[in-house]
Amino acid sequence: MHRVIALVRPVQSTFELGCAVEVFGTTRSGVPQHYQFEVCAETPGPVPTTAGYAIAVTHDLTALASADTVLIPGWAPVETPLSPRVRDALLRAHARGARLVTICSGVFALARTGLLDGRSATTHWARAAQLQQEFPEIRVEPDRLYVDHGDVATSAGAGAGIDLCLHLVSRDHGAAHAALLARHMVMPLHRDGGQTQYAPTARPTDALDGLLEWAGARLGTPLSVRDLAAHANVSPRTLARRFADQLGTSPGTWLLSRRVAEARILLEQTDLPVEAIAGRVGLTSAVNLRRRFRAQVGTTPGAYRRAFRTS
């Protein structure tokens with residue numbers, strides 16, 4: 001039985017996880033079951049989801065040691081770094097022969113392992129430019145539904161994750177079995193990975209050019225969305241529309257995620273007190289940092305630092 005393990009994290013996309021569950025983890029009458037599907041997390045327990053409820057995850061990263069396929073069903077916020085434990089678990093799984101598969105934004109996690117360096121990959125069209133900018137050693141192909149290298153595979157937006165999963169079923173057990181499964185799912189029998197994503201026409205210039213770098217250099221200041229808009233010389237409403245179009249998020253959400261991501265780096269790499277880190281990343285107080293950190297990372301700054309130092 002081929003063992004598929006999905007690695008989830010707070011806040012987990014239910015749709016992207018559901019794509020994998022439907023293909024690999026759902027038992028259907030008349031369809032042979034070739035896969036054993038399980039879910040794991042770095043920290044087992046309740047994992048918040050985008051649907052507003054939590055899922056109970058009982059397996060930790062040791063589950064990846066016996067996986068035939070490791071699947072990352074999204075990674076949000078995409079700026080979130082890999083913890084040393086997650087990175088090590090993914091690299092160990094790959095080294096012993098497991099294939100690593102991502103759906104949509106999950107490619108950002110895989111990219112941080114270095115396993116995509118010098119290779120092609122895809123993601124949702126709205127994230128393609130950011131992926132290319134952050135990982136210039138990857139050949140980003142925004143017009144592909146999925147890219148499969150055998151040992152690693154990436155897909156575009158969440159819907160394309162189903163196409164990739166069905167493609168993997170076809171590769172594992174033949175086109176006839178994949179077609180039978182697709183019929184039970186009332187899905188198209190096949191969409192080739194080279195099919196173009198249905199993305200809006202690209203703007204001739206990037207209206208955010210330089211803004212993210214400018215904001216990233218000023219995290220320690222009381223930076224607001226109005227400050228971002230003023231620097232970009234647009235209204236807050238226009239800035240919100242441009243963030244949604246180009247980054248798939250709001251200016252406020254991006255700024256908070258950027259502050260928390262910087263706090264994680266400081267917790268990992270320095271011995272600064274939590275209060276000092278809060279000031280450096282613009283979250284003003286240790287209480288505010290703890291609240292924001294727990295909401296996004298699922299643990300406290302102190303526990304995060306202890307886990308990092310232990311690993």
**Asked** Taking only C-alpha pairs under 8 Å that are 6+ residues apart, what is the relative contact order of segment 211-310 in percent?
**Response** 24 percent
**Request:** Work out how far the C-alpha atoms of segment 83-183 reach from end to end along every principal axis, then list the three figures in whole Å, largest first.
**Result:** 39, 32, 21
**Prompt:** Out of every Cα-Cα pair in segment 243-311, what percent are more than 18 Å apart?
**Reply:** 35 percent
**Message:** If I compute Rg and Dmax of the Cα atoms in Å from the structure I just sent, which labelled value in (1) 19.1, 67; (2) 23.5, 99; (3) 20.0, 61 lines up?
**Reply:** (3)
**Complete:** Descending packing, highest mean Cβ count within 10 Å first, for 119-127, 21-29 is 119-127, 21-29
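If you restrict to DSSP beta bridges whose two residues both lie in the chain, what percentage is antiparallel, to the nearest 5?
Numbers: 7 of 29 bridges.
Given both bridge residues lie in the chain, the antiparallel proportion sits at roughly 25 percent.
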**Request:** State to the nearest 20 debye the size of the charge dipole of the chain about its Cα centre, where the only charges are +1 on K and R beta carbons and -1 on D and E beta carbons.
**Result:** 720 debye
**Prompt:** Ordered by packing density, taken as the mean number of other Cβ atoms within 10 Å over each peptide's residues, highest first, how do 244-253, 70-79 rank?
**Reply:** 70-79, 244-253
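Here, each number is a calculation from the coordinates, and none is a lab measurement. Keep in mind the model is a prediction, meaning the values are calculated, not measured. Note that each Cβ is placed from the backbone with ideal geometry, even for glycine, and that neighbours are counted across all protein chains shown.
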